[in-house]
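The values are calculated or read from the model by the stated rules, or taken from the named source; none is laboratory data. Computed from a prediction, not measured in an experiment: that's the story for all the values here. Cβ: placed from backbone, ideal geometry, glycine included. Neighbour counts: every protein chain shown. Protein only, heavy atoms only, side chains kept; ligands, DNA and RNA dropped before computing areas. Shrake-Rupley method; radii C 1.70, N 1.55, O 1.52, S 1.80 Å.
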Amino acid sequence: ARAIEALGKLASLPASDTALTEKISRRLIGELSAPGASLTADQRQVVGLSMTALMRLRSPSAVGPLSHQLSSFDPHLRAQAANALFRIRRPIASALPQLLVAARDRDADVRANAARTLGMITDRSAFDALLKLLVDRDERVRVSSVRGLASFGDAGATEHLIETGEPLLKKVRNNQSPEINLLLEISAALGALKDVSAVPFLLKLRGATGVGANPEVETALARLDPSAFLEPLMEIGVLHWRQVSNLSQGLGEISSERATPLLVKFLAEADRGSFAPTAVPAILRAMRKVKLAGLTEVLQQRLSARDVIVRATAAQLLSEAKDDLTLKSLISALGLSRADVPHDARLAIVEAISGFKSEGAVEAIRSTLRDSNYLIRKQAIEALGKLGVDRTEMRAEPVGTLRNRAFYDAVARRAGRPLIAVIETDKGRITIELLTADAPLTVENFVGLARRNYFNGLTFHRVVANFVIQGGDPRGDGGGGPGHQIRCEVNLRPYLRGTIGMALSGKDTGGSQFFATHSRQPHLDGGYTVFGRVVEGSEVIDRVTRGDVIRRVTIRAKPQGLQKSPPGLRLTVRRMPS
């Protein structure tokens with residue numbers, strides 16, 4: 001099973017040979033079971049990981065064999081088959097008959113995954129099935145059906161989406177109402193369908209939650225009725241940075257003539273300190289979308305901003321400019337960023353400089369080969385390769401753990417006594433078993449932050465229904481951390497419902513941001529460190545909305561009687577080579 005998993009990951013790399021990938025795909029298809037076969041636990045694991053591997057390859061030849069797995073006796077395998085077909089995306093029309101059956105499955109995960117996949121098939125029967133799933137008893141299924149209808153792209157779904165949203169809208173009191181998650185999915189779908197009849201509904205939702213409260217609502221309104229979107233902005237007073245960020249996303253959807261004055265005003269207000277610079281990246285991205293005149297000069301100026309993420313965003317957006325002044329500005333910004341503890345700006349600047357075919361660019365990137373941050377050294381070597389420099393003798397040198405053998409021996413001794421983390425939120429209490437044996441560094445990092453009260457008062461800044469809730473960012477925009485990074489500890493724990501993982505912005509960039517999954521997410525397996533699992537409070541995760549506050553995180557020993565971990569491989573804890 002693990003060899004199959006590894007084959008799928010290797011063959012999905014961009015550098016893989018097409019012929020070899022097809023050969024591996026045929027080999028993986030051969031591991032799938034006959035429809036309706038009774039399987040042992042070991043056989044189910046082989047079949048499940050074969051489907052995950054095929055999902056990564058996205059080979060059209062896998063569509064037929066995967067559709068047959070929708071008839072499996074095992075609901076988990078049926079759900080995995082539907083998920084794999086969704087990830088392959090197109091062409092999957094031949095799987096329509098089996099997916100229509102899966103849409104009526106007794107298992108909610110199967111129905112939810114089938115709904116997402118049906119949205120990829122332009123057939124009326126798929127559309128009709130999605131409309132039925134829109135009133136499913138399980139919210140995960142309803143969320144997936146909304147996304148499926150958005151993907152399908154038929155404006156005929158607008159009326160049905162509004163009918164689904166109206167009863168929810170009557171219950172909304174603020175942006176933390178539990179109904180808001182599904183309402184925001186509906187808003188995003190209405191924006192994608194671009195039917196102006198949805199504008200009154202969106203205005204009511206905006207009125208209930210506040211102007212600029214949600215990017216989904218602002219973006220949808222801007223696409224459907226720019227005048228209705230802009231009207232309250234003419235008189236609105238002092239704004240919070242999050243409102244500015246969300247409104248800027250909406251401004252990026254309308255004409256340059258109407259968007260430019262407000263975007264320029266927002267940027268000037270940010271420069272005056274009227275709100276936090278956290279909004280500036282969204283302003284700059286919107287300026288790029290509307291093709292603001294003189295944007296290159298604006299971005300060059302932001303390369304010297306105090307905020308790291310602002311500088312990183314400016315560098316990313318300058319990647320298309322190839323004039324000498326831009327290169328000079330980037331090289332200067334690279335020097336200014338050397339003292340940054342977060343690496344984001346240096347990474348973005350090195351990547352932007354790699355687009356310039358000049359000796360100056362090569363020398364600037366060479367200067368980072370001895371950077372204190374491993375990721376910068378690695379990025380520099382890759383960038384020099386793009387510029388045609390021989391990298392044969394270059395080595396990035398691995399990132400260390402800053403731990404010795406005694407630390408790992410101590411971890412091994414306490415592996416049988418797991419710790420518990422209790423997260424108290426606006427919506428209730430979530431109890432997590434921390435997996436010390438599987439991710440010792442990550443658990444130690446999380447526990448240390450919790451005991452310093454680091455998480456207290458932070459929010460869940462990212463909530464994606466039927467996917468994850470994510471928190472632990474002191475900035476609140478997804479770009480922050482504790483001022484240090486830890487290594488990834490990829491292990492054999494899968495991402496099931498209620499799995500706790502470490503959020504990343506690239507390999508070995510973990511810090512304080514963590515996430516919890518609403519449902520099985522096999523595409524995350526082996527990519528993000530699993531360091532915990534929810535043992536009580538899964539329903540709380542379902543109720544959490546964007547902006548909900550983490551009141552406190554308490555660490556204690558695992559009490560007697562708490563449900564045991566599911567059976568699985570016990571990893572030997574030892575110091576591993578990098």
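Any idea which of 478, 488, 468 is furthest toward the positive side of the dipole for the stretch 447-491, if Lys and Arg beta-carbons carry +1 and Asp and Glu beta-carbons -1?
488
Cut-off under 19 Å on the C-alpha distance; same-chain residues fewer than 8 positions from residue 204 excluded. Which lysines are left, in chain and number order?
170, 171, 194
Percent of accessible area on the stretch 140-232 owned by carbon and sulfur, 1.4 Å probe?
52
Mind scanning 328/357; 265/328; 328/507 and naming the pairs with a C-alpha gap bigger than 25 Å?
Numbers: 328/357 13 Å; 265/328 28 Å; 328/507 29 Å.
Beyond 25 Å between Cα atoms: 265/328; 328/507.
Compute, for the stretch 409-554, the length of the dipole vector about the Cα centre, with Cβ point charges of +1 (Lys, Arg) and -1 (Asp, Glu) only. Units Debye, rounded to 20.
With only Lys, Arg, Asp and Glu charged at Cβ, the dipole is about 160 debye.
Once amide H atoms are placed 1.01 Å from N in the peptide plane, what residues at a sequence separation of 5 or more from residue 536, or on another chain, have their amide H within under 5 Å of its amide H?
431
So how strong a dipole does the chain carry about its Cα centre when Lys and Arg Cβ are +1 and Asp and Glu Cβ are -1, to the nearest 20 debye?
So the magnitude is around 1620 debye.
Placing unit charges on C-beta atoms (Lys and Arg positive, Asp and Glu negative, everything else neutral), compute the dipole magnitude of the stretch 1-110 about its Cα centre in debye, rounded to 20.
My answer is approximately 260 debye.
Which value in deg cm²/dmol, rounded to the nearest 500, describes the helix-derived mean residue ellipticity at 222 nm for the chain, given -39,500 (n - 2.57) per DSSP H run of n ≥ 4 and division by the residue count?
Estimated from H runs of four or more residues: -14500 deg cm²/dmol.
I need the phi-derived Karplus couplings for the stretch 513-526: 6.51 cos²θ - 1.76 cosθ + 1.60, θ = phi - 60°, integer Hz, Gly and Pro marked x.
These are the phi-based 3J(HN,Hα) values: 7, 9, 9, 10, 8, 7, 7, 4, 9, x, 5, 8, 4, x Hz.
Using the Cβ atoms and a cut-off under 15 Å, what net charge is assigned to the surroundings of residue 396, where Lys and Arg are +1 and Asp and Glu are -1? Don't skip to the answer; put the middle values down first.
Details: positive: 346, 366, 370, 377, 378, 391, 395, 487, 507; negative: 371, 382, 393, 397, 508.
The answer is +4.
Set the Förster radius R0 to 60 Å, insert the Cβ-Cβ distance between residue 15 and residue 234 as r into 1/(1 + (r/R0)^6), and round the FRET efficiency to 0.05.
FRET efficiency, residue 15 to residue 234: 0.70.
Give me the net charge for the shell around residue 192: Cβ to Cβ below 12 angstrom, other residues only, Lys and Arg +1, Asp and Glu -1.
Cβ neighbours under 12 Å give a net charge of -2.
If you line up the Cα atoms of the chain on their principal axes, what length do they span on each, largest first, in Å?
66, 63, 53
Determine the per residue accessible area of the chain with all protein chains present and a 1.4 angstrom probe, expressed in square angstrom.
Spelled out: the 1.4 Å probe surface of the chain, per residue, equals 44 Å².
How much of the pair distance distribution for the stretch 297-431 lies past 18 Å, counting alpha-carbon pairs only, in percent?
That tail contains 62 percent of the Cα-Cα pairs.
Using a cut-off of 12 Å between beta-carbons, work out the net charge of the residues near residue 98 (Lys and Arg +1, Asp and Glu -1, residue 98 not included).
Details: positive: 78, 104; negative: 105.
That works out to +1.
May I ask you to list the aspartates and glutamates whose Cα is less than 17 Å away from that of residue 386, ignoring any residue fewer than eight positions away on the same chain?
Within the straight-line cut-off, residue 386 pairs with 320, 351, 359, 363.
For the chain, what does the relative contact order come out to in percent, with C-alpha contacts under 8 Å and a separation of six or more?
Relative contact order of the chain: 9 percent.
May I ask which residue of 214, 294, 66 lies farthest towards the positive end of the charge dipole of the chain, with charges of +1 (Lys, Arg) and -1 (Asp, Glu) on Cβ and the Cα centre as origin?
Result: 66.
Among 151, 325, 380, whose Cα sits farthest toward the positive end of the charge dipole of the chain (+1 at Cβ of Lys/Arg, -1 at Cβ of Asp/Glu, about the Cα centre)?
Ranked along the dipole, the leading option is 380.
Which whole-angstrom value gives the distance between the alpha carbon centres of the stretch 108-170 and the stretch 13-71?
The distance from the Cα centre of the stretch 108-170 to that of the stretch 13-71 comes to 28 Å.
For the stretch 186-248, just run the numbers: alpha carbon Rg, then divide by 2.2 N^0.38 Å, N being how many residues it has.
1.02
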